[in-house]
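Structure record follows, encoded as structure tokens.
Every number in this text was worked out from the coordinates using simple rules, so none of it is lab data. Predicted model only: the values in this text are computed from it and were never measured. Cβ sites come from the backbone with ideal geometry, for glycine too, and all protein chains shown count toward neighbours.
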Amino acid sequence: MRFKGLDLNLLVALDVLLEERSVSRAAKRLHLSQPAASAALGRLREFFRDDILILHGKRMIPTSYADSLVPEVKRVLGQLDFIVSMSSEFDAARSERVFRLMASDYVASVLIGPAIQRFEDIAPGIQLDIRLPNEQVALEFERGEIDLVLTPEEYVSPNHPAELLFEEQHVVVGWAENPLMDRPLRRAEFERSAHVAVTIGPNRQLTYAERHLQNVAPDRQVEIFAPSFSVVPWLVIGTGRLTVMHERLAQVFSKDLPLKIQPLPVDVPPMREMIQHHAARAHDPGVGWLRRLLHEMAVAIDA
């Protein structure tokens, strides 16, 4: 199919070529022979009147014009993917749709994991592509390439609909053999202890809890900053370190690991975990189905 003289199949080839920066690797991903991928690059160069990729030593480097095409090509392909996957009806039992979500490993552990177990029975063909929060994924959401975002209320985009999924309390977690964990902690004990904290993404964004703890417990001694919630237990077990963790996640970890949970001796407001969809997905029956399922799972995990 051609649009203003461009074979639209070449947009897929352009996207992969600019990601791989290698004709041979792109050919493998596109399930083409290397000569066919080279021919596609040649046709792209002819249409855009630009080299697109330039050989520099043993590497291929995109031209500045090609770099400028990247976000637009991804946006167009994302919209095409949406159009193809969307229909007036959605049959979860027969669908093979891929849903793209932005969610932390905390949400993946306490909510999405149990939901996937249900998928095996009610939607065996559906796939989930879960992306950890970062600025690039947030931009993909704004372009309509991410179906749902699960995030604390203070991080929702003001440009798209969002609704409360559940509220979450925070607790103190420590090694089961740490004597401090035998009874509720006093504030002074909490602040004197070494702590493990979490920052998110390459820009080391503070978590909901850390943002509040900086104000209510400024003297807390943070010894280690971890890159994700899931590695925190391994930085606490066998030590005197403490960590502040979501109550649901702490309960998941403490089932199988030598950890104990105590109330937080300082005031951190309940976290409001939201579910947000792109405004363009408001009438997408598949996204609506997934939102309802996640709401059901949020109720079920507290039952």
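With neighbour counts taken as other beta-carbon atoms within 10 Å, the residues 212, 31 rank, fewest first, as 31, 212. Applying 1/(1 + (r/R0)^6) with R0 = 22 Å to the Cβ-Cβ distance of residue 154 and residue 230, what FRET efficiency is obtained, to the nearest 0.05? Efficiency, rounded to the nearest 0.05: 0.50. Each Lys or Arg adds one and each Asp or Glu subtracts one; over the other residues with Cβ under 14 Å from the Cβ of residue 212, this totals -2.
Taking 19 Å as the cut-off, the amide N atoms of the range 89-112 that come nearer than this to a point 7 Å along the Cα-to-beta-carbon line of residue 162 belong to 100-108, 111-112.
For the chain, the average shadow cast by the Cα convex hull is 19.9 nm², which is a quarter of the hull's surface. Look at the alpha carbon pairs under 8 Å that are at least 6 residues apart: their mean separation over the length of the chain gives a relative contact order of 21 percent. Look at the alpha carbon pairs under 8 Å that are at least 6 residues apart: their mean separation over the length of the range 194-303 gives a relative contact order of 26 percent. Once the dipole of the chain is set up with Lys and Arg at +1 and Asp and Glu at -1 on Cβ about the Cα centre, which of 164, 122, 60 lies farthest towards its positive end? Working it through, the farthest residue towards the positive pole turns out to be 60.
Karplus-based coupling profile of the range 260-266, in residue order and whole Hz: 10, 10, 9, x, 6, x, 10, with θ = phi - 60° in 6.51 cos²θ - 1.76 cosθ + 1.60 and x standing for Gly or Pro. Distance from the alpha carbon centroid of the range 261-277 to that of the range 102-117 works out to 17 angstrom.
In a fully extended conformation the segment linking residue 7 and residue 127 would gain 40.3 nm over its present Cα-Cα distance, using 0.36 nm per residue.
Take 160-171, 99-110, 136-147 and order them by the average number of nearby Cβ atoms within 10 Å per residue, most first; the result is 99-110, 136-147, 160-171. In percent, rounded to a whole number, the relative contact order of the range 2-82 is 28, using alpha-carbon pairs under 8 Å and six or more apart.
Specify whether the C-alpha gyration tensor of the range 2-82 places it in the rounded, prolate or oblate class, a ≥ b ≥ c being the square roots of the eigenvalues: rounded for a/c under 1.5, otherwise prolate if a/b is larger than b/c and oblate if not. Rounded, because the longest to shortest axis ratio a/c is under 1.5. Cβ-to-Cβ counts within 10 Å put 61, 301 in ascending order as 61, 301, the fewest first.
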